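Taking it in order: structure first as structure tokens, then the write-up.
The values are calculated or read from the model by the stated rules, or taken from the named source; none is laboratory data. Since this is a predicted model, take the numbers as computed values, not measurements. All Cβ positions, glycine included, derive from the backbone under ideal geometry; neighbour counts span all protein chains shown. The protein model used for the area step is the full one, side chains on, heavy atoms only, and it has no ligands, DNA or RNA in it. Shrake-Rupley method; radii C 1.70, N 1.55, O 1.52, S 1.80 Å.
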Amino acid sequence: MKEKRWIIRQDYDLETVEKLAASLGVDRIIATLLVERGVTTFEEARRFFRPGLDQIHDPYLMKGMRQAIDRINLAIQQQQRIMVYGDYDVDGTSAVALVYSYLQDLDHNIDFYIPDREREGYGISYQGIDYAHETGVSLVIALDCGIKATEEVAYAKQRGIDFIIGDHHLPGDEVPQAVAVLDPKQVDCPYPYKELSGCGIGFKIVEAHLEQSLGVRLCDLPEQLDNQRLQRQEELKLRLLKYLDLVAVSIASDIVPIMGENRVLAYFGLRVLNTRPRPGIEAILKYGHVDRRKADQTDQPETSDKSDRTKAGYFEKELTISDLVFLVGPRINAAGRIRSAFDSVRLMLTEDPSIARQLADDINTYNTERKDLDTSATEEAKRRIDTDIFYKGRQSLVLYDPTWHRGVVGIVASRIVEAYNKPTIVFTEGSDGLITGSARSLKEFDVHEALEKCADLLEHFGGHKSAAGVSLRKENMRAFLERFERLVRETIGDEEIVPEVEVDAEIDFSQITPKFLRILKQFAPFGPENNVPIFVSHELVDTGNARIVGTNHLKFNAIPIAVRTSPYPAIAFQQGEALSRMRNGELFDLCYQLEENYWRGRTEVQLNVKDIRFTE
């Protein structure tokens, strides 16, 4: 077993924890978890546990929104052809499906376009602009891309095509001269929440347009509205809800924070997925072997605040963010990686279950092919790292192979980071004589900032703090390798290379009460900045039933050695090497998450073990 550092979180004020615990009537552990997530008052806790659509921000606070809506209205009034353009990943395709489906209900003179990963690469392409020109498009709404496409937008303008940019990536020094640029990360954008997904930006466009059409806003207080406007506000909520399943899929798949506005959007998006999922998502789920039997077919108002998972209209097994990350997202992504992301958009748009099943079947086939490609590339990458002296002692891992498929290099980079805990870039052959790659990083290292410091060696780059795309000329690779390694070494020491487990709190099994578990469930939806809490419990022993299941997964029952409590079933993935010591009766401490294991109609609480530390 690889050694891991256990970091006990202490980034909170004890007095604040005590006050919050008293005001909410909860124990100190629950209050600690809330304060760690920035929830420090009774009112903040109420909003956290009771998300409402009235908590999302006014879309017109976003710089450029009014200009964007005015230009869309002009296009509709003058019957100009509109194209919705997006990236080929889950975030981009879901954004296109959302905005396209909304505008199609208003105007049938509309098209969508996704660039081909192999021929066009990431972002706005000249081929896409040429296609727009050839098909009579006057307005392009670009989503999840375009914030650095200054030359491409200028080229489009020369051809009589206006652009609205809706992006969430970090801007460069120059912003494209579009009709409107919607990106909360612009330094002069007053929009209060900066971490929307690309699909989230698309949703804000739809929200703004609907608010203007209905003459009422979500942020209007009910006491300020007469009965007619209250009814229109309810209509606004119901019409917006139908799009939030796509926003939830994008939030989960693009690994954006699930706090603040994103948490509200994800909460209601999951509600839609668990009551009235669109045919395309439902068709995908059968390949994830998710039991989707209804608990009760009676309809339940979608705006209800009830949270019991047995409520009418819900499925027996509710989808979670984790299900979207591991079951839905990779399959939607696979089309753009292996074939065409147009299929992903069609899957999310179709209302015909038979068409949805056929598209889902094709996409699942692409996903199988994708898994084969990324497995072989990952194995080869690991072999090189383990055997090539070049990588010995390096703090960064940069790999290149012209035979690796462009659609899987990001996945391979993620797997290398997971295995070696070092910032990683995986390159393959690109177009126009370039090599192109995907970068993945650790939380301690801002890979986008590092690429900015290498900009003179690069042709293109863009992304986030933890993930980015990059391309360069082969002759610059050696210089880039050494500068990137130097930048990593200046930031990350040997200690940071050791994987860490960030622990929220130390608890005894006696504290895991029904009330504790009930409140813990209400922390969902979980994700970045609101991860499933990790706990530590000490001086445990196996009850004698430890065994290996699957491929090196350790299944056992843990019980405290000193206190009489019931044992908890536990699963430790890829930690089978601990079996012999556990069977020998050695004491151990556990880092774990509490989760519900749903199997054949039964649900039980189990420990999802992140690390085991023997104490003898």
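Counting only residues that are farther than 26 Å from Glu444 by Cα, open to solvent by 40 Å² or more (accessible area, probe 1.4 Å) and more than 27 Å from the chain's Cα centre (by Cα), the stretch 477-519 holds 6 of them.
Any residue at all in the stretch 385-396 that is open to solvent by 10 Å² or more (accessible area, probe 1.4 Å) and within 25 Å of the chain's Cα centre (by Cα)? No, there is no match, as no residue in the stretch 385-396 is open to solvent by 10 Å² or more (accessible area, probe 1.4 Å) and within 25 Å of the chain's Cα centre (by Cα).
Limited to the stretch 398-455, what total is found for residues that are in a loop (DSSP other than H, G, I, E, B) and hydroxyl-bearing (Ser, Thr, Tyr)? Steps first, please.
Narrowing the stretch 398-455 to residues in a loop (DSSP other than H, G, I, E, B): 401-405, 421-423, 430-433, 441-446, 453-454.
Restricting the remaining residues to those that are hydroxyl-bearing (Ser, Thr, Tyr) gives 403, 431, 441.
Residues meeting the conditions: 3.
Among the residues of the stretch 217-262, those that are closer than 24 Å to Val345 by Cβ and touching a Phe, Trp or Tyr at 6+ places or on another chain (Cβ under 7 Å) comprise Leu241, Tyr243, Leu244, Val247. Screening the stretch 45-62 for residues that are under 24 Å from the mean Cα position of the chain (by Cα) and among the charged types (D, E, K, R) and picking the one that is nearest to Asp188 (Cα to Cα) gives Asp58.
Just wondering, is there one or more residues in the stretch 594-609 that are touching a Cys at 6+ places or on another chain (Cβ under 9 Å) and open to solvent by less than 30 Å² (accessible area, probe 1.4 Å)? Steps first, please.
Pass one, the stretch 594-609, residues touching a Cys at 6+ places or on another chain (Cβ under 9 Å): 609.
Then drop every residue that is not open to solvent by less than 30 Å² (accessible area, probe 1.4 Å), which leaves 609.
Yes, because at least one residue in the stretch 594-609 is touching a Cys at 6+ places or on another chain (Cβ under 9 Å) and open to solvent by less than 30 Å² (accessible area, probe 1.4 Å).
If you go through the stretch 412-434 and keep only what is in contact with a helix residue (DSSP H, G or I) (Cβ under 8 Å, 6 or more places away or on another chain) and of a type in the set (Ser, Thr, Tyr), you end up with Tyr420, Thr424, Thr428.
Please work out if Phe461 is farther than 30 Å from Glu3 by Cα, surrounded by fewer than 17 Cβ atoms within 10 Å (Cβ to Cβ) and aromatic (Phe, Trp, Tyr). Talk me through it step by step, then tell me what you get.
Numbers: farther than 30 Å from Glu3 by Cα: yes; surrounded by fewer than 17 Cβ atoms within 10 Å (Cβ to Cβ): no; aromatic (Phe, Trp, Tyr): yes.
Answer is no for this residue.
Conditions: (1) open to solvent by 10 Å² or more (accessible area, probe 1.4 Å); (2) within 28 Å of the chain's Cα centre (by Cα). Ala208 meets all but one. Number of the miss? Every listed condition holds for Ala208 apart from (1).
With respect to being part of a helix (DSSP H, G or I), modelled with pLDDT of 95 or more, buried (at least 21 other Cβ atoms within 10 Å of the Cβ) and touching a strand residue (DSSP E or B) at 6+ places or on another chain (Cβ under 8 Å), Ile251 fits the description.
Picking from residues in the stretch 258-274 that are outside any helix (DSSP H, G or I) and hydrophobic (A, V, I, L, M, F, W, C), the one that is most open to solvent (accessible area, probe 1.4 Å) is Met259. Helices (runs of 4 or more DSSP H) fully within the stretch 1-77 that include at least 1 residues being closer than 30 Å to Tyr102 by Cα: 42-49, 65-77.
If you filter the stretch 420-457 down to residues that are modelled with pLDDT under 90 and on the phi > 0 side of the Ramachandran plot, you find that the one that is least open to solvent (accessible area, probe 1.4 Å) is Gly433.
Listed conditions (1) in contact with an Asp or Glu (Cβ under 7 Å, 6 or more places away or on another chain); (2) buried (at least 17 other Cβ atoms within 10 Å of the Cβ); (3) not in a helix (DSSP H, G or I) are all met by Cys219, apart from (2).
Report yes if some residue within the stretch 573-584 is open to solvent by less than 40 Å² (accessible area, probe 1.4 Å), touching a helix residue (DSSP H, G or I) at 6+ places or on another chain (Cβ under 6 Å) and either over 11 Å from Leu607 (Cα atoms) or charged (D, E, K, R) (or both); otherwise report no. Step through it out loud before you land on a result.
Start the filter on the stretch 573-584 by keeping residues that are open to solvent by less than 40 Å² (accessible area, probe 1.4 Å), which leaves 575-576, 578-579, 582.
In the following step, the residues that additionally are touching a helix residue (DSSP H, G or I) at 6+ places or on another chain (Cβ under 6 Å) were identified as none.
For the stretch 573-584, residues open to solvent by less than 40 Å² (accessible area, probe 1.4 Å), touching a helix residue (DSSP H, G or I) at 6+ places or on another chain (Cβ under 6 Å) and either over 11 Å from Leu607 (Cα atoms) or charged (D, E, K, R) (or both): absent.
Inside the stretch 74-107, can you point out the residues that are more than 21 Å from Gly280 (Cβ to Cβ), open to solvent by 30 Å² or more (accessible area, probe 1.4 Å) and not β-branched (Val, Ile, Thr)? Leu74, Gln77, Gln78, Gln79, Gln80, Arg81, Leu106, listed by residue number.
Within the stretch 403-419, the only residue that satisfies the criterion of being in contact with an Asp or Glu (Cβ under 7 Å, 6 or more places away or on another chain), open to solvent by 10 Å² or more (accessible area, probe 1.4 Å) and aliphatic (A, V, I, L, M) is Ile411.
Given the structure, is Gly92 in contact with a Cys (Cβ under 9 Å, 6 or more places away or on another chain) and either at pLDDT 95 or above or of a type in the set (Lys, Arg) (or both)? Yes: the conditions hold for Gly92. Being among the hydroxyl-bearing types (Ser, Thr, Tyr), over 21 Å from Ala419 (Cα atoms) and either open to solvent by 60 Å² or more (accessible area, probe 1.4 Å) or modelled with pLDDT under 95 (or both) is a condition met by no residue of the stretch 546-560.
Looking only at the stretch 530-539, decide whether some residue is open to solvent by less than 10 Å² (accessible area, probe 1.4 Å) and in contact with a Cys (Cβ under 6 Å, 6 or more places away or on another chain). Checked the stretch 530-539: at least one residue is open to solvent by less than 10 Å² (accessible area, probe 1.4 Å) and in contact with a Cys (Cβ under 6 Å, 6 or more places away or on another chain). Filter the stretch 416-474 down to the residues that are touching a Leu at 6+ places or on another chain (Cβ under 6 Å) and among the acidic types (Asp, Glu) and list them by number. Result: Glu459, single match.
From Leu33, Leu74, Leu24, Leu20, grab the single residue that is farther than 24 Å from Ile258 by Cβ and either touching a strand residue (DSSP E or B) at 6+ places or on another chain (Cβ under 9 Å) or free of Cβ contacts under 8 Å to residues at least 60 places away in the same chain (or both).
Working: Leu33 fails: farther than 24 Å from Ile258 by Cβ; Leu24 fails: farther than 24 Å from Ile258 by Cβ; Leu20 fails: farther than 24 Å from Ile258 by Cβ.
One residue alone meets the criteria, Leu74.
Got a sec? Which of Ala578, Ala558 is in contact (Cβ under 8 Å) with a residue 60 or more places away in the chain, touching a Leu at 6+ places or on another chain (Cβ under 8 Å) and of a type in the set (Gly, Ala, Ser)? Explain how you work it out, then say what you get.
Numbers: Ala558 fails: in contact (Cβ under 8 Å) with a residue 60 or more places away in the chain.
Result: Ala578 is the single residue among Ala578, Ala558 that is in contact (Cβ under 8 Å) with a residue 60 or more places away in the chain, touching a Leu at 6+ places or on another chain (Cβ under 8 Å) and of a type in the set (Gly, Ala, Ser).
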